[in-house]
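The values are calculated or read from the model by the stated rules, or taken from the named source; none is laboratory data. Only a predicted model underlies this, so the values are computations on that prediction, with no experimental measurement involved. Note: ideal-geometry Cβ built from the backbone for every residue, glycine included; neighbour counts use all protein chains shown.
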DNA sequence: CGAACCTCCTGCGGGC
DNA sequence: TGCCCGCAGGAGGTTC
């Protein structure tokens with residue numbers, strides 16, 4: 001489900017409710033996510049939930065210097081939402097953290113591609129094996145036309161696959177890859193190394209713009225994504241190509257096309273993108 | 001190293 | 001209506 005804007009939206013929604021929150025109770029209803037849920041989770045009763053931040057599509061909860069961190073990934077179908085502790089659990093509500101502020105944070109993930117790990121104190125969570133080798137954040141200065149150009153130099157693969165490679169830049173998933181390439185006027189199947197520096201610069205700008213706008217709109221709700229507080233994201237109506245095969249391009253009227261690239265559906269305008 | 005392919009899992013919508 | 005098939009917002013793994 002979630003790409004960077006949806007994870008960022010979730011992060012902000014949770015952060016707004018964390019002031020002086022402490023974990024009262026940990027409920028683990030299923031352990032078998034992408035990796036087994038850390039057994040140490042159960043011991044976190046009474047531990048403070050100081051802050052939450054995002055790195056790539058991961059959420060990192062700071063439990064304070066004595067307790068380490070929670071590392072959460074929403075996978076394809078995961079979500080984190082607040083509920084009241086008395087509300088009935090839904091199918092696929094796998095983990096719940098009852099907080100001292102009266103709310104309960106629930107991890108819901110039908111496909112169980114997500115992750116919910118406890119990282120012990122002492123180490124920098126960014127050095128965790130899952131995070132250590134990630135590329136730059138797309139909205140940071142470290143991601144630039146130069147870094148993208150360096151990554152593309154040796155790659156014959158389609159540019160869409162390259163911008164979805166988390167070692168090149170993080171957070172760009174299947175929706176926003178198509179959207180960013182439309183904004184840059186580049187066909188998704190173009191070989192990465194065939195692209196000129198100015199075109200890659202436009203692509204960097206396209207990635208930044210589409211992600212920023214999607215965050216401002218609260219993310220994209222395709223079927224079931226909701227913010228931590230239950231609100232949907234409104235970026236779906238701003239999508240220019242994703243999911244629009246057979247419909248007219250919003251810029252030029254040509255029929256939007258769809259093909260499979262690297263096992264994922266890909267959308268583009270044959271006239272606006274060359 | 002990179003490219004092409006597969007895998008995990010459940011739910012849903014389309015076609016018959 | 002019911003059943004089967006293909007597809008879905010991610011990402012790690014294998015093989016060549």
Strands (runs of 3 or more DSSP E) contained in region A:47-122 and holding at least 1 residues free of Cβ contacts under 8 Å to residues at least 24 places away in the same chain: A:58-62, A:79-83, A:104-108
Pick from region A:135-173, criterion farther than 24 Å from residue A:220 by Cβ and out of contact with any helix residue (DSSP H, G or I) (no Cβ under 9 Å at 6 or more places or on another chain), ranking: farthest from DNA strand B (Cβ to nearest atom): A:141
Residues of region A:135-165 satisfying the condition of being loosely packed, with under 12 Cβ neighbours inside 10 Å and closer than 12 Å to residue A:207 by Cα: A:140
Sole exception among (1) in a loop (DSSP other than H, G, I, E, B); (2) over 23 Å from the mean Cα position of the chain (by Cα) for residue A:243, by number: (2)
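From A:68, A:78, which residue is crowded, with 17+ Cβ neighbours inside 10 Å, within 11 Å of DNA strand C (Cβ to nearest atom) and in the same structural domain as residue A:33 (by TED's automatic domain parsing)? Give the derivation first.
Numbers: A:68 fails: within 11 Å of DNA strand C (Cβ to nearest atom).
So the residue among A:68, A:78 that is crowded, with 17+ Cβ neighbours inside 10 Å, within 11 Å of DNA strand C (Cβ to nearest atom) and in the same structural domain as residue A:33 (by TED's automatic domain parsing) is A:78.
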Residues that are farther than 18 Å from residue A:172 by Cβ and part of a loop (DSSP other than H, G, I, E, B), drawn from region A:258-274: A:269, A:270, A:271, A:272, A:274
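Between A:239, A:222, which is away from DNA strand B (no atom under 16 Å from the Cβ), touching a residue at least 60 places away in the same chain (Cβ under 8 Å) and closer than 30 Å to residue A:82 by Cβ? Please lay out each step first, then the result.
On the way: A:222 fails: away from DNA strand B (no atom under 16 Å from the Cβ).
Unique residue meeting the criteria: A:239.
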Residues within region A:112-134 that are surrounded by 12 or more Cβ atoms within 10 Å (Cβ to Cβ), within 16 Å of DNA strand B (Cβ to nearest atom) and more than 21 Å from residue A:9 (Cα to Cα), tallied: 1
Candidates A:253, A:246, filtered to the one that is out of contact with any helix residue (DSSP H, G or I) (no Cβ under 8 Å at 6 or more places or on another chain), within 13 Å of DNA strand B (Cβ to nearest atom) and over 24 Å from residue A:151 (Cβ atoms): A:246
Lone unmet requirement of (1) closer than 20 Å to residue A:75 by Cβ; (2) at pLDDT below 95 for residue A:214: (2)
Hey, residue A:136 within 28 Å of residue A:213 (Cα to Cα) and more than 12 Å from DNA strand C (Cβ to nearest atom) or not: yes
Which numbered condition residue A:29 misses (of (1) touching a residue at least 60 places away in the same chain (Cβ under 8 Å); (2) within 21 Å of the chain's Cα centre (by Cα); (3) within 16 Å of DNA strand B (Cβ to nearest atom)): (2)
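Residue-wise test of (1) more than 19 Å from residue A:21 (Cβ to Cβ); (2) within 16 Å of DNA strand B (Cβ to nearest atom); (3) modelled with pLDDT of 95 or more.
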{"residue": "A:34", "(1), (2), (3)": "yes, yes, yes"}
{"residue": "A:42", "(1), (2), (3)": "no, no, no"}
{"residue": "A:48", "(1), (2), (3)": "no, no, yes"}
{"residue": "A:53", "(1), (2), (3)": "no, no, yes"}
{"residue": "A:57", "(1), (2), (3)": "yes, yes, yes"}
{"residue": "A:63", "(1), (2), (3)": "no, no, yes"}
{"residue": "A:66", "(1), (2), (3)": "no, no, yes"}
{"residue": "A:69", "(1), (2), (3)": "no, no, yes"}
{"residue": "A:73", "(1), (2), (3)": "yes, yes, yes"}
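Against the definition (surrounded by 15 or more Cβ atoms within 10 Å (Cβ to Cβ), touching a strand residue (DSSP E or B) at 6+ places or on another chain (Cβ under 6 Å) and either farther than 30 Å from residue A:105 by Cβ or not assigned by TED's automatic domain parsing to the domain that holds residue A:17 (or both)), how does residue A:180 come out, yes or no?
Details: surrounded by 15 or more Cβ atoms within 10 Å (Cβ to Cβ): yes; touching a strand residue (DSSP E or B) at 6+ places or on another chain (Cβ under 6 Å): no; either farther than 30 Å from residue A:105 by Cβ or not assigned by TED's automatic domain parsing to the domain that holds residue A:17 (or both): yes.
No.
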